[in-house]
Amino acid sequence: MSVAELKERHMAATETVNALRERLKQKRLLLLDTDGSISSSFFAFSGFSLKLDLSWELRSMNLAVATYARSQGKTPLTFGPTDLVCCRNLQGHTGKVYSLDWTAEKNRIVSASQDGRLIVWNALTSQKTHAIKLPCAWVMTCAFSPSGLSVACGGLDSVCSIFNLNSPTDKDGNSPVARMLSGHKGYVSSCQYVPDEDTHLITSSGDQTCVLWDITTGLRTSVFGGEFQSGHTADVLSVSINGSNSRMFVSGSGDTTARLWDTRVASRAVRTFHGHEGDVNSVKFFPDGNRFGTGSNDGTCRLFDIRTGHQLQVYQQHHGDNDAPHVTSIAFSISGRLLFAGYSNGDCYVWDTLLAKMVLDLGSLHNSHGGRISCLGLSSDGSALCTGSWDTTLKIWAFGGYRRVI
Amino acid sequence: MPSGRANVGDGGVQYSFAMEYHGPPITRDLPRAVPINVDRIPVAAVVSQGSLSDKLALPVVQPILASDITNKFSKELGLGLGSECLVSPTSVIAYERQIGDDDSVSKELLLGLGTETTVSPNSGPSNHDCRLSGELSCLGTLEMNPDGRYGSGDFSDVINSSTELGASTTSHDLSKELLAGVGSSGTLGFSDSFDKSRDLLGSPSDFGVSNTCKESLDINDLSQPDWASTESALSFDYPSSRVSSLQVGDCISEPACDERGNLVVTFRDIESEDGDLTEGLNGAEPEITGLKKEFEVRAKKGTCYRCFKGNRFTEKEVCIVCDAKYCSNCVLRAMGSMPEGRKCVACIGSPIDESKRGNLGKCSRMLKRLLNDLEVRHIMKAEKFCSMNQLPSEYVCVNGKPLCHEELHLLQSCPNPPKKLKPGNYWYDKVSGLWGKEGEKPSKIISPHLNVGGPIKTDASNGNTQVFINGREITKVELRMLQLAGVQCAGNPHFWVNEDGSYQEEGQKNTKGYIWGKAGTKLVCAVLSLPVPSKSTYSCGEQVNNMVSRSLPDYLEQATLQKLLLIGLSGSGTSTMFKQAKILYKDVPFTEDERENIKLLIQGNVYGYLGILLEGRERFEDESLNERMNYNCSRSQTAKLFYTMQQFVSEFTFWFKAGHADENDEKTIYSICPRLKAFSDWLLKIMVSGTLEAVFPAATREYAPLVEELWDNAAIQATYDRRKELEMLPNIASYFLERAVDILRPDYIPSNVDILYAEGITSSNGLACVDFTFPQPASDDVDSADQHDSLLRFQLIRVQARGFGENCKWLEMFEDVRIVIFCVSLSDYDQFAVDGDGTLENKMILSRKFFESIVTHPTYDQLDFLLVLNKFDLFEEKIEQVPLTQCEWFDDFHPLMSRHRSSNSNSNSINNSPSLSQLAFHYVAVKFKRLFSSLTARKLYVSLVKGLEPDSVDEALKYAREILKWDEESANFSLSEYSMYSTEASSFSH
């Protein structure tokens, strides 16, 4: 078979695939529009214990939860400008902060910045305990191990590096890399330790795959997506592991989808979630583990149900002009009632997940960040929110005064 | 704050002033205060603006602050009003005025003070109009203690009474300004000592003015030890007070007064402008003596600046900028995360108090108690090494010339540095290494030959002996030492002393002796307190000046590093350029480890190429067997003849060889013996399974001999000769395959050229960067500017094109690059690749798309672009065979018809009849330039490169440097006299 012939066939095949893809998309939209039988959605917010049965009532997926909640007479949360206050300002990075993570024991934070450093902070004293100079300055993500003994980071060098916090530093005060997890063919966009396991880690990468690593051996346990064409078709930008069932994790990608994976079944995604019209920059599991939230370049956050595969809610602030700021990062409060979303214009909205109402904009408070919010995270007990920004600082927000943690 | 200053002045005067007000009791028409404020609004408006925009000159301030005016006022009023007192009222007045604009004086005041004193997090934000309270609430929020919520109503009472005071006093025919000043000073006095002011809260609003004033003063007396701290508290809420006092400093000749104002202002302000303030007031003199005294006074009073509790015995941490002291409860709140060491949050980013330089990195016990070891270590490290806390290089003058950063670093990092370098003027004898303060005898012998400062002056050490050492007139003490050392000093000689102490008379060759050679001399030197060279001085020699190899500290490195981003589609030669840069500019381009890895990689590649060859061989064998079926063997004789000519295999000879094979029955020229066949099958199997990388490093040793045999085999050679038909085999493979035997030896060490040719070395992990400096030009006329240039450090960052999409997440990470070097392979014009949508596209068009997306990316909005048209060597060959018009973008390239067209872009070309490839290059360059200017309306720089030739890459990178340099200078001098660079640039771009 000549090369020209091969090329021709390839073209034809590609065309077919694209056509099929288009039809699939149409079909899916159609289904979403008409599907009135959402099997079940047990929408329980811990602390509010609100039950939602959406099956009979809701036709339109959009505004689903909110409509129902309103019909049930739920009142929106109200937030004053002083209910969330910035109580710590972590200064010390000299470059844009790209990522942060809290420890499980709630008072330490690791942050990664373009100055090529990982800094481990004591959130209570706002002091640095470790500053790790990275071999590659272009770091995109970092994570604390569940035990708090080591941190992982990854970036444009396509390697996920593990640093032991207890290891002695060399004469320049640099920590040696404890383990290099190399194997990705693109940048490492996100990493997260498997809950309660210091030896396993899931990374997502620009090579369209997610990988489960065994840190002790430094080898890939499984690769999700990639060559088999069953996974993402663009850079994977974010992962989140289900807190209640650590075998399940969800990934968000530049192909505008989020996918749910089972670590035991690497060959294909359990489910693919469509809906976004831009790159899915951030995914985060809902505290109950049955839903997850996404944040996207299209300026919306969405809530998906992993069992039905449907979109439950869109969180969108309508902007006058067309270019809505991208959602860069999201996090849920411990009950799930609040969704914190960082935006590329420096806003940080607090959404009432139930009523899809924006209750507070941290970006409008007087001591808010001066740059894009690039990452945010809640402490393990939910008492504090940490935001990292391109203005090189991190800020810790906590409920001021009388308001209790939700 | 006014009360505070009142106390500084003699209190009696104030009392008398207060007595003036004593008479009229306050009546109920207190709200009248507002109209009075309104009266002053025109003036006030200016003040408030000034206060908000940091440094505007405030016309209001001057009259009030001027000490002569003070005197005048005091005369008129018959009040011995202290000048210090006046300073503060101004600010208060200004404050009131500013707020008075809103017609809600009392409210605003209330809020402002309320926040300040209660430090409750809630009150701040609600007060949206008032910038001050906003700031205060920062403090409040930092604290976040719910118990800090005092009833703000109480304070409103206080303030109300204060405004009432103002009103009543006005009604009593006193000068408005003074009145308001006093009135408000009184009120502020209340609010300052808020714990005490509670007592006053109960006091009815119809206080007599004098009473209140007295009251306030009393309070101040009571809180005598606190006065400064209250002031500091007050300064939070009124920034313009500082501004105004700054003005005093500028425009008033009376030093005591402005020093005073300055003092108070400086150490209490939490705003960040204090740097300007101190600079403005102290000028070039870095020592702030006046301030220090005041600080000591403060220390005696010794309360915490934040909570105003404690006494001078309680342990406190001091801000290294503003000298604010905080107790252990407050220090973490006040200093935050200490990114630059122990500085209050507002002092971050300000240079430290030079008198505290000695304390840098020395931790107090209190911090150690509060924080754990790791935290303390990081704070101290930050304090010592952050760039802000370094000795400002311009404070150190050597031989009359302020140093630059690099010079200072050089001085401090030399083997024998001057100890405890303080700001000041020094002289330095570069030949002998003698070092001393200007106008004094030498104090130390440091490393010689450091390139710092200017040339030494004759009168550097202010000697008058008419004896010269290295052009410096020495002091009497030195002369004495020389005489004692036995140096003949008669006749006012001029000595030339080297670093080892050898000396000769100027103009003479022979060394006359060693000054410090004798043991006795050292004793003499010790007696005369003159320096002797330390032992290490001798050895330091030349390495010191080697600026390139020494490592810079972090803070300098960041400042001087210029980043060049190298991007291009895969196959455009970015990797080669990168490797070339490494080989060109690094002393050790590849470390042992790297070479070992590269070796494995190259060997793996070679096996890969071999595999492709073997695959081809099988194909050819099959084909030739088929051929054999079709052709008879009548030509076998002829074939034999041609057998020796295998090297010139062509479709033609193919048949002949087939015939020859036929003779050997079942064998073709492409057949190999079973043993090799087994190896071949095995290799192909491994390749198919995709585990080549995993198997081969280990198997190399074992199979190397086999490969040698294989390579020598005629069948492989025959296949190799037909390599053009093997599409999988890259061009570069022949380079390696011809050396395959050598390369696959276990002891093979890849040469630089091997590495240059090798594939996949830098592309394996997407991103690679190399720091380098351009080697100093060998030419002798290196003027100082060029020398400085050689200090510039560059970082070449090479990123993989993969993943560059519309919303590429990480292009933003490279926003600090200075120039983008975009690589396009010229030889791509007839190649095709699959683009993102899965359709085949011409690679040149793909490059253009990529170029467009990068150029229009907002991150690179104002950046220079250097287009590197790479692989010109391949292009030259190809253009003769394949017309450039193969690519649709270039379909209007008609070189023979339109030679004049190309001539407009290559005016500098010497060659009158440029080759086709030259013409084509210029044509492509113009295409890109037009595209670029249509997208950005800027100029695109273009460079022609043959990636495999070092000189060519060197030239391109130096061109990039020129662009950067020209950019900088065109920013500095926008005049056309520097246009030489621009012409140079265009000569590069043809």
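Could you give the Stokes-Einstein D for the range A:178-271 in µm² per second, using the C-alpha Kirkwood radius, 10 °C, 1.306 mPa s? The Stokes-Einstein estimate is 124 µm²/s. Starting from the Kirkwood radius over alpha-carbon pairs of chain A, derive D by Stokes-Einstein at 4 °C in a medium of 1.567 mPa s and give it in µm² s⁻¹. Estimated diffusion coefficient is 60 µm²/s.
What FRET efficiency, computed as 1/(1 + (r/R0)^6) with R0 = 56 Å and r the Cβ-Cβ distance, is obtained for B:Asp861 and B:Ala678, rounded to the nearest 0.05? Step by step, r from the Cβ atoms, then E = 0.35. On full extension, the segment bounded by B:Glu969 and B:Ser689 gains 95.0 nm, given 0.36 nm per residue less the C-alpha separation. As a ratio to 2.2 N^0.38 Å, the alpha-carbon radius of gyration computed for the range A:234-293 takes the value 1.03.
Note on A:Arg70 and A:His319: with the Förster distance fixed at 22 Å, the Cβ-Cβ geometry gives a FRET efficiency of about 0.40. Average 1/r across all pairs of distinct alpha carbons in the range B:429-541, invert it, and you get the Kirkwood radius: 14.0 Å.
What separates the Cα centres of the range A:343-366 and the range B:457-518 is a distance of 76 Å. Checking the Cα-Cα distances for A:Lys74/B:Lys809; B:Lys430/B:Lys586; B:Lys586/B:Lys724; B:Lys849/B:Lys946; A:Lys25/A:Lys96; A:Lys171/B:Lys522 against a 28 Å cut-off, the pairs over it are A:Lys74/B:Lys809; B:Lys430/B:Lys586; B:Lys586/B:Lys724; A:Lys25/A:Lys96; A:Lys171/B:Lys522. Once the range A:246-325 is represented by equal point scatterers at the alpha-carbon sites, with solvent omitted, what log10 I(q)/I(0) does the Debye formula produce at q = 0.13, 0.25 Å⁻¹? So the normalised log intensities are -0.38, -1.19.
Model label points for B:Val753 and B:Ser570, set 7 angstrom from Cα along the Cα-to-Cβ axis, are 2.8 nm apart.
With the simple model of a label 7 Å out from the Cα in the direction of the Cβ, B:Lys356 to B:Val527 spans 4.6 nm. Going by the alpha-carbon gyration tensor, a ≥ b ≥ c the square roots of its eigenvalues, is the range B:827-887 rounded (a/c under 1.5) or, if a/c is not under 1.5, prolate (a/b greater than b/c) versus oblate? Since a/c reaches 1.5 but b/c is at least a/b, the shape of the range B:827-887 is classed as oblate. Each of B:Glu708 and A:Ser230 was given a label point 7 Å from its Cα along the Cα-to-Cβ line. The distance between the two points is 4.8 nm. Please say if the range A:311-383 is rounded, prolate or oblate, where rounded means a/c under 1.5 for a ≥ b ≥ c the square roots of the C-alpha gyration tensor eigenvalues, and otherwise the choice is prolate for a/b larger than b/c and oblate otherwise? Oblate shape, in that a/c is at least 1.5 and b/c is the bigger or equal ratio. A Förster distance of 22 Å, applied to the separation of the beta-carbon atoms of B:Ala937 and B:Glu841, puts the FRET efficiency at 0.20. Here the extension length gained between B:Lys384 and B:Val431 equals 13.8 nm, from 0.36 nm per residue of separation less the Cα-Cα distance. Just to be sure I understand the curve: with the Debye formula and one point per C-alpha of the range B:360-402, what is log10 I(q)/I(0) at q = 0.16, 0.26, 0.27 Å⁻¹? After summing over all Cα pairs, the log10 values are -0.52, -0.85, -0.89.
First check a/c for the range B:321-360, with a ≥ b ≥ c the square roots of the eigenvalues of its C-alpha gyration tensor; if it is under 1.5, answer rounded, and if not, answer prolate when a/b is larger than b/c or oblate otherwise. Judged from the Cα gyration tensor, the range B:321-360 comes out prolate (a/c at least 1.5, a/b above b/c). For chain A, the relative contact order is 14 percent, taking Cα pairs closer than 8 Å that sit 6 or more residues apart in sequence and dividing their mean separation by the residue count.
Along its first, second and third principal axes, ordered by size, the range A:305-352 spans 35, 23, 16 Å in Cα coordinates. Applying a 4.7 Å Cβ-Cβ cutoff to chain A, the cysteines left without a disulfide-compatible partner are A:Cys86, A:Cys87, A:Cys136, A:Cys160, A:Cys191, A:Cys210, A:Cys301, A:Cys348, A:Cys375, A:Cys386.
No value in this document is a laboratory result; all are computed from the given coordinates. Because the structure is predicted, anything quoted here is derived from the model rather than measured. Ideal geometry is used to build each Cβ from the backbone, glycine not excepted, and the neighbour counts take in all protein chains shown.
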